[in-house]
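Heads up: the structure comes next, in C-alpha coordinates.
The values are calculated or read from the model by the stated rules, or taken from the named source; none is laboratory data. These numbers come from a predicted model, not from an experiment. Ideal geometry is used to build each Cβ from the backbone, glycine not excepted, and the neighbour counts take in all protein chains shown. These area figures cover heavy atoms from the full protein model, side chains too; ligands, DNA and RNA do not enter into them. Shrake-Rupley method; radii C 1.70, N 1.55, O 1.52, S 1.80 Å.
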Amino acid sequence: MELRHLRYFVAVAEEGNVTRAAERLHIAQPPLSRQIQQLEEELGVQLLERGARPLKLTAAGRFFYAHALQLLSQTVELEAMTKRVGAVERKMVFGFVGSTLYGLLPKVIRRFRAKHNEVELTLLEMTTMEQISALKEGRIDVGVGRIRHEDPNVRRIVLREERLVVALPYEHPLTTSKSALSLQDLLLDTLIVFPKSPRPSFADQVLTAFHDRGLEPRKIYEARELQIAIGLVAAGEGVAIVPSSVQGLKREDVYYMELEDRNLVSPIILSTRLLDESSDIKSLIELITDIYEAEHMEYIKY
(Lines give C-alpha, C1' and ligand atoms only; values in the text may rest on other atoms or scores of the structure.)
Protein backbone atom coordinates (compact mmCIF):
# COMPACT_ATOMS: atom_id res chain seq x y z
CA MET A 1 0.00 0.00 0.00
CA GLU A 2 1.30 3.43 -0.97
CA LEU A 3 0.27 6.97 -0.06
CA ARG A 4 -1.24 7.44 -3.51
CA HIS A 5 -3.68 4.62 -2.74
CA LEU A 6 -4.84 6.57 0.32
CA ARG A 7 -5.19 9.80 -1.67
CA TYR A 8 -7.12 8.04 -4.43
CA PHE A 9 -9.49 6.33 -2.03
CA VAL A 10 -10.15 9.53 -0.04
CA ALA A 11 -11.00 11.39 -3.26
CA VAL A 12 -13.47 8.66 -4.34
CA ALA A 13 -15.03 8.53 -0.86
CA GLU A 14 -15.49 12.31 -0.71
CA GLU A 15 -16.76 12.74 -4.27
CA GLY A 16 -19.04 9.68 -4.18
CA ASN A 17 -18.27 9.27 -7.85
CA VAL A 18 -15.22 7.81 -9.62
CA THR A 19 -15.46 10.20 -12.59
CA ARG A 20 -15.47 13.31 -10.40
CA ALA A 21 -12.69 11.85 -8.23
CA ALA A 22 -10.57 11.26 -11.36
CA GLU A 23 -11.12 14.87 -12.44
CA ARG A 24 -10.14 16.09 -8.97
CA LEU A 25 -6.96 13.98 -9.09
CA HIS A 26 -6.20 14.91 -12.72
CA ILE A 27 -5.98 11.27 -13.81
CA ALA A 28 -8.07 9.09 -16.13
CA GLN A 29 -11.00 7.12 -14.70
CA PRO A 30 -9.91 3.53 -15.66
CA PRO A 31 -6.52 3.72 -13.84
CA LEU A 32 -8.26 5.15 -10.77
CA SER A 33 -10.79 2.31 -10.71
CA ARG A 34 -7.96 -0.24 -11.00
CA GLN A 35 -6.07 1.38 -8.11
CA ILE A 36 -9.15 1.15 -5.87
CA GLN A 37 -9.65 -2.50 -6.84
CA GLN A 38 -5.99 -3.25 -6.10
CA LEU A 39 -6.36 -1.58 -2.71
CA GLU A 40 -9.39 -3.74 -1.87
CA GLU A 41 -7.57 -6.88 -3.02
CA GLU A 42 -4.54 -6.05 -0.89
CA LEU A 43 -6.71 -5.42 2.16
CA GLY A 44 -8.93 -8.41 1.47
CA VAL A 45 -12.10 -6.39 2.19
CA GLN A 46 -14.67 -4.46 0.17
CA LEU A 47 -14.43 -0.70 0.78
CA LEU A 48 -17.19 0.51 -1.56
CA GLU A 49 -20.75 -0.74 -2.03
CA ARG A 50 -20.92 -1.81 -5.64
CA GLY A 51 -23.85 -0.45 -7.66
CA ALA A 52 -24.73 2.31 -5.19
CA ARG A 53 -25.27 5.77 -6.69
CA PRO A 54 -23.70 7.86 -5.33
CA LEU A 55 -21.00 5.49 -4.18
CA LYS A 56 -21.28 4.53 -0.53
CA LEU A 57 -18.66 3.21 1.86
CA THR A 58 -18.96 -0.13 3.59
CA ALA A 59 -18.31 -0.31 7.34
CA ALA A 60 -14.70 -1.24 6.55
CA GLY A 61 -14.57 1.63 4.06
CA ARG A 62 -15.72 4.16 6.64
CA PHE A 63 -13.07 2.91 9.07
CA PHE A 64 -10.36 3.03 6.41
CA TYR A 65 -11.45 6.52 5.26
CA ALA A 66 -11.20 8.02 8.78
CA HIS A 67 -7.70 6.65 9.33
CA ALA A 68 -6.53 7.44 5.79
CA LEU A 69 -7.45 11.10 6.39
CA GLN A 70 -5.40 11.11 9.58
CA LEU A 71 -2.37 9.50 7.93
CA LEU A 72 -2.45 11.92 5.00
CA SER A 73 -2.70 14.85 7.40
CA GLN A 74 0.31 13.58 9.31
CA THR A 75 2.38 13.33 6.11
CA VAL A 76 1.66 16.99 5.33
CA GLU A 77 2.58 17.89 8.91
CA LEU A 78 5.80 15.88 8.68
CA GLU A 79 6.75 17.61 5.43
CA ALA A 80 6.10 21.08 6.87
CA MET A 81 8.06 20.45 10.07
CA THR A 82 10.99 18.86 8.21
CA LYS A 83 11.22 21.93 5.97
CA ARG A 84 11.26 24.16 9.06
CA VAL A 85 14.00 22.14 10.73
CA GLY A 86 16.13 22.18 7.59
CA ALA A 87 15.56 25.82 6.70
CA VAL A 88 18.55 28.13 6.77
CA GLU A 89 16.35 31.08 7.76
CA ARG A 90 14.11 30.65 10.81
CA LYS A 91 10.52 31.62 10.10
CA MET A 92 7.24 31.44 12.00
CA VAL A 93 3.80 32.18 10.54
CA PHE A 94 1.24 33.22 13.14
CA GLY A 95 -2.50 33.03 12.42
CA PHE A 96 -4.86 34.99 14.66
CA VAL A 97 -8.51 35.94 15.10
CA GLY A 98 -8.96 39.72 14.91
CA SER A 99 -10.62 40.10 18.33
CA THR A 100 -7.53 38.71 20.10
CA LEU A 101 -5.60 41.86 19.16
CA TYR A 102 -7.39 43.70 21.97
CA GLY A 103 -5.95 41.38 24.64
CA LEU A 104 -2.42 40.22 25.38
CA LEU A 105 -1.55 39.05 21.85
CA PRO A 106 0.23 42.32 20.85
CA LYS A 107 2.42 42.06 23.97
CA VAL A 108 3.24 38.43 23.14
CA ILE A 109 4.24 39.39 19.59
CA ARG A 110 6.39 42.33 20.73
CA ARG A 111 8.18 40.27 23.38
CA PHE A 112 8.81 37.37 21.03
CA ARG A 113 10.25 39.64 18.32
CA ALA A 114 12.48 41.41 20.84
CA LYS A 115 13.76 38.14 22.29
CA HIS A 116 14.07 36.24 18.99
CA ASN A 117 14.89 38.84 16.36
CA GLU A 118 16.56 36.12 14.28
CA VAL A 119 13.12 34.60 13.59
CA GLU A 120 11.14 36.09 10.72
CA LEU A 121 7.62 36.39 12.16
CA THR A 122 4.65 36.78 9.80
CA LEU A 123 1.11 37.53 11.01
CA LEU A 124 -2.03 36.43 9.15
CA GLU A 125 -5.60 37.21 10.21
CA MET A 126 -7.84 34.16 9.81
CA THR A 127 -10.74 32.45 11.53
CA THR A 128 -10.20 29.58 13.97
CA MET A 129 -11.37 26.96 11.45
CA GLU A 130 -9.11 28.43 8.77
CA GLN A 131 -6.24 28.20 11.27
CA ILE A 132 -6.83 24.46 11.85
CA SER A 133 -6.65 23.74 8.11
CA ALA A 134 -3.63 26.03 7.65
CA LEU A 135 -1.76 24.30 10.50
CA LYS A 136 -2.28 20.85 9.03
CA GLU A 137 -1.33 22.07 5.54
CA GLY A 138 1.84 23.74 6.85
CA ARG A 139 0.80 27.28 5.87
CA ILE A 140 1.01 28.57 9.45
CA ASP A 141 2.90 27.35 12.53
CA VAL A 142 0.79 28.83 15.33
CA GLY A 143 -2.84 29.85 15.59
CA VAL A 144 -4.72 31.91 18.18
CA GLY A 145 -8.49 31.52 17.95
CA ARG A 146 -11.71 31.24 19.93
CA ILE A 147 -13.51 28.07 18.76
CA ARG A 148 -13.15 24.79 20.66
CA HIS A 149 -12.42 22.29 17.92
CA GLU A 150 -11.08 18.79 18.44
CA ASP A 151 -8.52 17.55 15.94
CA PRO A 152 -6.13 14.64 16.58
CA ASN A 153 -3.29 16.46 14.82
CA VAL A 154 -3.58 19.75 16.72
CA ARG A 155 -2.35 20.61 20.21
CA ARG A 156 -4.36 23.27 22.06
CA ILE A 157 -3.65 25.51 25.03
CA VAL A 158 -6.51 27.54 26.48
CA LEU A 159 -4.78 30.80 27.32
CA ARG A 160 -7.77 32.49 28.90
CA GLU A 161 -11.53 32.23 29.41
CA GLU A 162 -12.38 35.84 28.60
CA ARG A 163 -15.58 37.29 30.01
CA LEU A 164 -18.13 38.69 27.58
CA VAL A 165 -19.69 42.17 27.83
CA VAL A 166 -22.47 44.01 26.01
CA ALA A 167 -21.75 46.88 23.63
CA LEU A 168 -24.66 49.35 23.41
CA PRO A 169 -25.29 52.71 21.74
CA TYR A 170 -24.18 55.38 24.20
CA GLU A 171 -27.68 56.72 25.00
CA HIS A 172 -29.42 53.34 25.07
CA PRO A 173 -32.03 53.11 27.91
CA LEU A 174 -30.33 50.02 29.38
CA THR A 175 -27.17 52.00 30.15
CA THR A 176 -28.92 53.69 33.09
CA SER A 177 -31.34 50.94 34.14
CA LYS A 178 -28.99 48.61 36.06
CA SER A 179 -25.32 47.92 36.73
CA ALA A 180 -25.17 44.58 34.88
CA LEU A 181 -27.37 42.99 32.22
CA SER A 182 -28.80 39.57 31.51
CA LEU A 183 -29.34 38.08 28.06
CA GLN A 184 -33.07 38.44 28.73
CA ASP A 185 -32.60 42.22 28.83
CA LEU A 186 -31.36 42.19 25.22
CA LEU A 187 -34.20 40.28 23.55
CA LEU A 188 -36.08 43.34 22.25
CA ASP A 189 -32.98 44.80 20.57
CA THR A 190 -31.44 43.75 17.29
CA LEU A 191 -28.54 41.45 18.18
CA ILE A 192 -25.50 42.14 16.00
CA VAL A 193 -23.23 39.09 15.69
CA PHE A 194 -19.93 38.60 13.88
CA PRO A 195 -18.30 37.33 11.75
CA LYS A 196 -20.92 36.59 9.12
CA SER A 197 -18.81 33.79 7.64
CA PRO A 198 -17.22 31.31 7.62
CA ARG A 199 -18.97 29.35 10.33
CA PRO A 200 -18.71 28.07 13.03
CA SER A 201 -17.37 31.25 14.59
CA PHE A 202 -17.70 33.62 17.54
CA ALA A 203 -21.20 34.42 16.26
CA ASP A 204 -22.24 30.85 16.98
CA GLN A 205 -20.85 31.08 20.53
CA VAL A 206 -23.09 34.08 21.18
CA LEU A 207 -26.20 32.55 19.60
CA THR A 208 -25.63 29.29 21.50
CA ALA A 209 -25.54 31.25 24.77
CA PHE A 210 -29.06 32.50 24.04
CA HIS A 211 -30.39 29.14 22.83
CA ASP A 212 -28.95 27.26 25.83
CA ARG A 213 -31.05 29.51 28.06
CA GLY A 214 -34.20 29.08 26.00
CA LEU A 215 -33.99 32.63 24.64
CA GLU A 216 -34.53 33.91 21.09
CA PRO A 217 -33.43 37.45 20.06
CA ARG A 218 -36.16 39.42 18.27
CA LYS A 219 -33.88 40.15 15.32
CA ILE A 220 -30.34 39.11 14.39
CA TYR A 221 -27.98 41.05 12.13
CA GLU A 222 -24.81 39.34 10.91
CA ALA A 223 -21.86 41.70 10.47
CA ARG A 224 -18.78 40.78 8.47
CA GLU A 225 -16.31 41.59 11.25
CA LEU A 226 -15.89 43.06 14.73
CA GLN A 227 -15.14 46.63 13.64
CA ILE A 228 -18.31 46.76 11.53
CA ALA A 229 -20.36 45.33 14.40
CA ILE A 230 -19.10 48.03 16.77
CA GLY A 231 -19.75 50.71 14.14
CA LEU A 232 -23.35 49.49 13.76
CA VAL A 233 -23.79 49.61 17.54
CA ALA A 234 -22.52 53.21 17.54
CA ALA A 235 -25.05 54.04 14.82
CA GLY A 236 -27.87 52.74 17.02
CA GLU A 237 -28.62 49.71 14.85
CA GLY A 238 -28.52 47.24 17.73
CA VAL A 239 -26.40 45.75 20.49
CA ALA A 240 -23.52 43.27 20.39
CA ILE A 241 -21.93 40.83 22.78
CA VAL A 242 -18.14 41.08 22.59
CA PRO A 243 -15.04 39.89 24.50
CA SER A 244 -14.25 42.20 27.42
CA SER A 245 -10.86 43.18 25.93
CA VAL A 246 -12.72 44.95 23.09
CA GLN A 247 -13.39 47.76 25.58
CA GLY A 248 -9.85 48.84 24.72
CA LEU A 249 -11.32 50.00 21.42
CA LYS A 250 -12.19 53.45 22.76
CA ARG A 251 -15.28 55.07 21.25
CA GLU A 252 -17.31 57.88 22.76
CA ASP A 253 -20.51 56.61 21.11
CA VAL A 254 -20.38 53.01 22.45
CA TYR A 255 -21.09 52.03 26.05
CA TYR A 256 -19.96 48.69 27.50
CA MET A 257 -21.80 46.88 30.30
CA GLU A 258 -21.03 43.69 32.18
CA LEU A 259 -23.22 40.59 32.05
CA GLU A 260 -24.68 39.18 35.26
CA ASP A 261 -23.85 35.61 34.24
CA ARG A 262 -20.13 35.17 34.89
CA ASN A 263 -20.18 31.90 32.96
CA LEU A 264 -20.59 33.79 29.70
CA VAL A 265 -17.02 33.58 28.43
CA SER A 266 -15.10 33.08 25.21
CA PRO A 267 -11.84 31.09 25.23
CA ILE A 268 -8.59 32.29 23.69
CA ILE A 269 -6.91 29.14 22.38
CA LEU A 270 -3.36 28.75 21.08
CA SER A 271 -2.97 25.90 18.58
CA THR A 272 0.09 24.21 17.11
CA ARG A 273 0.70 20.99 15.21
CA LEU A 274 0.65 18.10 17.66
CA LEU A 275 4.13 16.84 16.80
CA ASP A 276 5.82 20.24 16.46
CA GLU A 277 8.45 20.32 19.22
CA SER A 278 10.68 22.94 17.59
CA SER A 279 12.65 25.27 19.83
CA ASP A 280 10.80 28.34 18.51
CA ILE A 281 7.40 26.88 19.42
CA LYS A 282 8.66 25.93 22.89
CA SER A 283 10.08 29.43 23.37
CA LEU A 284 6.77 31.00 22.35
CA ILE A 285 4.78 28.87 24.81
CA GLU A 286 7.26 29.65 27.62
CA LEU A 287 7.03 33.37 26.85
CA ILE A 288 3.21 33.27 26.90
CA THR A 289 3.32 31.40 30.22
CA ASP A 290 5.56 34.10 31.71
CA ILE A 291 3.30 36.92 30.47
CA TYR A 292 0.14 35.29 31.80
CA GLU A 293 1.76 34.60 35.16
CA ALA A 294 2.83 38.26 35.36
CA GLU A 295 -0.77 39.28 34.58
CA HIS A 296 -2.04 36.79 37.22
CA MET A 297 -3.98 34.79 34.63
CA GLU A 298 -4.23 31.02 34.67
CA TYR A 299 -3.99 28.92 31.52
CA ILE A 300 -5.02 25.33 30.87
CA LYS A 301 -2.96 22.95 28.73
CA TYR A 302 -4.84 20.38 26.64
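Some notes on this structure:
- Simple rule: put +1 on each Lys or Arg Cβ and -1 on each Asp or Glu Cβ in the chain, find the dipole, and look at MET257, GLY138, PRO267; the Cα lying farthest toward the positive end is GLY138.
- Within the chain, percent of DSSP bridges classed antiparallel, to nearest 5: 60
- With Cα atoms, 0 to 90° folded angle of helix 128-137 axis to the chain main axis: 30
- Computed about the Cα centre, the dipole magnitude for the chain is approximately 480 debye when only Lys and Arg (+1) and Asp and Glu (-1) carry charge, each at its Cβ.
- According to the calculation over all Cα-Cα pairs in region 1-96, the P(r) per 10 Å bin from zero is 15, 41, 23, 15, 7, 0 %.
- Working ranking of peptides 133-144, 195-206 by packing, defined as the average number of other Cβ atoms within 10 Å per residue, highest first, is 133-144, 195-206.
- Two-site FRET efficiency, ALA59 against GLU23, from Cβ-Cβ distance with R₀ of 41 Å, rounded to 0.05: 0.90
- For the chain, the calculated P(r), taken from all Cα-Cα distances in 20 Å bins from zero up to the bin holding the longest distance, is 28, 45, 26, 2 percent.
- Counting 0.36 nm for each residue step from LYS91 to GLU49 and taking away their Cα separation leaves a gain of 10.5 nm.
- Helix axis angle, 105-115 relative to the chain longest principal axis, alpha carbon, degrees: 70
- In the chain, the longest principal axis of the Cα atoms and the axis of helix 3-15 are about 60 degrees apart.
- Å² of accessible area per residue within the chain, as computed with a 1.4 Å probe and no ligands counted: 53
- For region 238-292, applying the loop criterion from DSSP together with a ceiling of 11 other beta carbons within 10 Å to the GluC sites (Glu not before Pro) yields GLU252, GLU277.
- Pairwise label distance in nanometres, TYR221 with GLN38, each label 7 Å out on the Cα-Cβ vector: 6.0
- Accessible surface of the chain, 1.4 Å probe: 52 percent of it comes from carbon and sulfur atoms.
- Unit charges at the beta carbon, dipole of region 1-123: most positive-side option, VAL93, LEU25, HIS67: VAL93
- Shape category assigned to region 153-268 from the gyration tensor of Cα positions, a/c cut at 1.5: rounded
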